[in-house]
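The values are calculated or read from the model by the stated rules, or taken from the named source; none is laboratory data. Bear in mind the structure is a predicted one, so any value in this text is a computation, not a measurement. Cβ placement follows ideal geometry from the backbone for every residue including glycine, while neighbour counts extend to all protein chains displayed.
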Amino acid sequence: MLKKVGMIAVFAVLSACGGGGENTVGPGGVASVALNAPSLSMLPGLSDQLTAVAKDAQGNTIATAPAATWTTSNSAVASVNATGLVTANAVGSASITATISGKSASAQVTVAAAATVVTVNMPGLSFTPFRATLKQGGTVNYVFPSLAHNVIFERVQGAPADIPGQVANQTISRQFNSVRLFKYTCTLHNGMDGEVDVVP
């Protein structure tokens, strides 16, 4: 009798434990996918890295989610490899999509010769394009909507003057004379970042 009871007790413990570890993702655990950049402006022949993370319904990153599957809408314009490295092949536009557990997010890629004037808009809480490619000596026009923002540049040599404070309903321009990558942020909204890549 004692032996039988012991066997039943052991079986109950194994059943309660499920015989394995917890699945931290689970069916439907991925609610959305977030990319490191909503859009890219690129020159033919250059590459840029996109990254994707899975989010749950509360917006938390799911570290155990599977790797993203990457696809392009137009490989003649922009191709993407298995790790999210985007290569600009020809002038035009393409959409790069990352899919994780059935959820997707896309970045719009525009491939063009270096412009002398670029317009950066601010829809919602983002700078669009996230990275603007500009010819040396060119100008970026920052279009501020009704929601106030600012533009604060990384403290590097050649960076233009900041656009500080709370700016709304106006367009302010900055000229970029040095060849390098300039990063900037809106200090009013956490995570609202942008870049200007100045080329010869």
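Residues that are within 21 Å of residue 39 (Cβ to Cβ) number at least 2 in the following strands (runs of 3 or more DSSP E) confined to the stretch 148-199: 149-153, 170-175, 181-185, 193-199. Between 139, 133, the distinction of being modelled with pLDDT under 95 and farther than 27 Å from residue 29 by Cα belongs to 133 only. Listed by position, the strands (runs of 3 or more DSSP E) contained in the stretch 57-106 that have at least 3 residues being under 16 Å from the mean Cα position of the chain (by Cα) and buried (at least 18 other Cβ atoms within 10 Å of the Cβ) are 92-100. Considering (1) assigned by TED's automatic domain parsing to the domain that holds residue 194; (2) closer than 16 Å to residue 45 by Cβ, the lone condition that residue 91 does not fulfil carries the number (1).
Checking the stated criteria, residue 110 turns out not to satisfy the condition of being within 26 Å of residue 30 (Cβ to Cβ), polar (S, T, N, Q), crowded, with 18+ Cβ neighbours inside 10 Å and out of contact with any Lys or Arg (no Cβ under 9 Å at 6 or more places or on another chain). Does at least one position in the stretch 125-141 carry a residue that is in a loop (DSSP other than H, G, I, E, B) and more than 27 Å from residue 34 (Cα to Cα)? Within the stretch 125-141, not a single residue is in a loop (DSSP other than H, G, I, E, B) and more than 27 Å from residue 34 (Cα to Cα). Against the test of being within 18 Å of residue 198 (Cβ to Cβ) and surrounded by 14 or more Cβ atoms within 10 Å (Cβ to Cβ), the options 158, 138 yield a single qualifying residue, 138.
Residues that are surrounded by 14 or more Cβ atoms within 10 Å (Cβ to Cβ) and of a type in the set (Ser, Thr, Tyr) occur in the stretch 166-185; there is at least one. Of all the residues in the stretch 80-103, those that are modelled with pLDDT of 95 or more, of a type in the set (Val, Ile, Thr) and more than 10 Å from residue 33 (Cβ to Cβ) number 5.
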